[in-house]
Amino acid sequence: MRDASTPDPRDTLDAVGELAALARIIPRLPESAATLLGPGDDAAVLAAADGRYVVTTDMMIHGPDFRTAWSTMHDLGWKAAATNLSDVAAMGARPTALVVALAAPGSTPVPELEAFADGMRDACAALAPGCGVVGGDLSVSSVLTIAVTAFGDLEGRAPVTRSGAGEGDVIAVSGPLGLAAEGLALLFERGVDATGAPDATAAARLRAEHPEPLSAQLAPRPPIADGTLAARAGATAMLDLSDGLALDARRVARASGVGLDLDGALLAAAGPHALTGGEDHSLMATFPAAVAEQGLPGGFVAIGRVVAAPVDAEGRAVPAVLVDGRAVDERGGWDPFAEWSGQAG
Ligand SMILES: [Mg+2]
């Protein structure tokens, strides 16, 4: 791992042991303002003033989800926190607490694990102040594996689901579209050695040259506060964009039984990965037109309009994502063969 230029073999997870390593990691983790009983017992106790809590979990595994040649351990701690905070925010809730389970190779230097904890701390401080880590587990595995569970407070509001988008609502996004995918494309293209393997030196150089897309991919900054702002403003549906706008917008279209008609000129201006690029963790929400007229909350920018679900040749409504009124397939291509007979809205 690239942070440890001269790793000390006496200071690895194997040599130090899990308990001693934990004793060094835990004090670095961010504290949660919702903690009634913190680390030290078998489980933590959290306040849930609302009588409900939002809960979500996400796993990151070396290989399919990240490469240690490209991500520092600080990046990984940051991203593991940020992606989970984003799912809580997407429900319109304020993130309150995280629990983290980490399994790392025994050869991992303990300072790397400390850097991971620092990444979680820095992400919580920057994106969701007051949210912290209230518990977790550390184990040894040949494959670096990170599992984070996040909790959130609805503060008395109804959760914002994917099913509430209504005809005439304005579709808006807070955060970039396709920037993380641009970063990943750069890494696969130029963050590699002569054999095509991920390379730490090449990645570090790339990051200095293209800080925005690389940071969006390796240490994203989802607009967490905009989740509660959207809920307060009356958002009718919301999710975070993890798999690309075309796929994620389709989830809202299906759950709500509507068409989501996106503005092609705005998408084109956002760049080549705007429709298909994953991992931006931007928030997409729908707002009643009256709300949009008064000004969208936070960093939300309008990108389209909710319309009636298009009708197919047999007269069945087919919830779909459209661009300028034309259906888009799940890979984000404008489908030239799609023929919608009744394009309402
Ligand atoms: Mg999500």
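Of all residues in the stretch 249-259, those satisfying the criterion of being within 15 Å of the ligand (Cβ to nearest atom) and either crowded, with 22+ Cβ neighbours inside 10 Å or among the β-branched types (Val, Ile, Thr) (or both) are ALA249, VAL252. You will find that of VAL306, VAL291, the residue that is in a strand (DSSP E or B) and more than 24 Å from LEU218 (Cα to Cα) is VAL306 and no other.
Once the stretch 48-66 is narrowed to residues that are outside any strand (DSSP E or B) and in contact with a Leu (Cβ under 8 Å, 6 or more places away or on another chain), the residue that is surrounded by the most Cβ atoms within 10 Å (Cβ to Cβ) is TYR53.
One residue stands out in the stretch 260-289 among those that are more than 16 Å from PHE300 (Cα to Cα) and within 16 Å of the ligand (Cβ to nearest atom): the one that is surrounded by the fewest Cβ atoms within 10 Å (Cβ to Cβ), namely GLY278.
Just one of the numbered conditions (1) crowded, with 23+ Cβ neighbours inside 10 Å; (2) part of a strand (DSSP E or B); (3) within 16 Å of the ligand (Cβ to nearest atom) is not true of VAL88: (2).
Okay, residues lined up against (1) of a type in the set (D, E, K, R); (2) over 19 Å from the mean Cα position of the chain (by Cα):
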| site | (1), (2) |
| --- | --- |
| SER163 | no, yes |
| PRO176 | no, no |
| ARG207 | yes, yes |
| SER215 | no, no |
| PRO223 | no, no |
| ALA246 | no, no |
| SER256 | no, yes |
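LEU36 meets each of the listed conditions (1) in contact (Cβ under 8 Å) with a residue 12 or more places away in the chain; (2) more than 17 Å from the chain's Cα centre (by Cα) apart from (1).
Scanning the stretch 115-146 for residues that are in a loop (DSSP other than H, G, I, E, B) and in contact with a Phe, Trp or Tyr (Cβ under 9 Å, 6 or more places away or on another chain) returns CYS131, LEU144. Would it be correct to say that ARG232 is of a type outside the set (S, T, N, Q), within 16 Å of the ligand (Cβ to nearest atom), surrounded by fewer than 24 Cβ atoms within 10 Å (Cβ to Cβ) and in contact (Cβ under 8 Å) with a residue 12 or more places away in the chain? So ARG232 fails the test. Taking SER107, is it on the phi < 0 side of the Ramachandran plot, of a type outside the set (Lys, Arg), in contact with a helix residue (DSSP H, G or I) (Cβ under 7 Å, 6 or more places away or on another chain) and surrounded by fewer than 21 Cβ atoms within 10 Å (Cβ to Cβ)? Here the answer is yes, as SER107 does meet what is asked.
Values quoted throughout were computed directly from the atomic coordinates according to the rules given, and no laboratory measurement underlies them. The shown structure was predicted, so the numbers you read here are calculated from the model rather than taken from an experiment. Because the Cβ atoms are built from the backbone with ideal geometry, glycine has one as well, and the counts that use them run over all protein chains shown.
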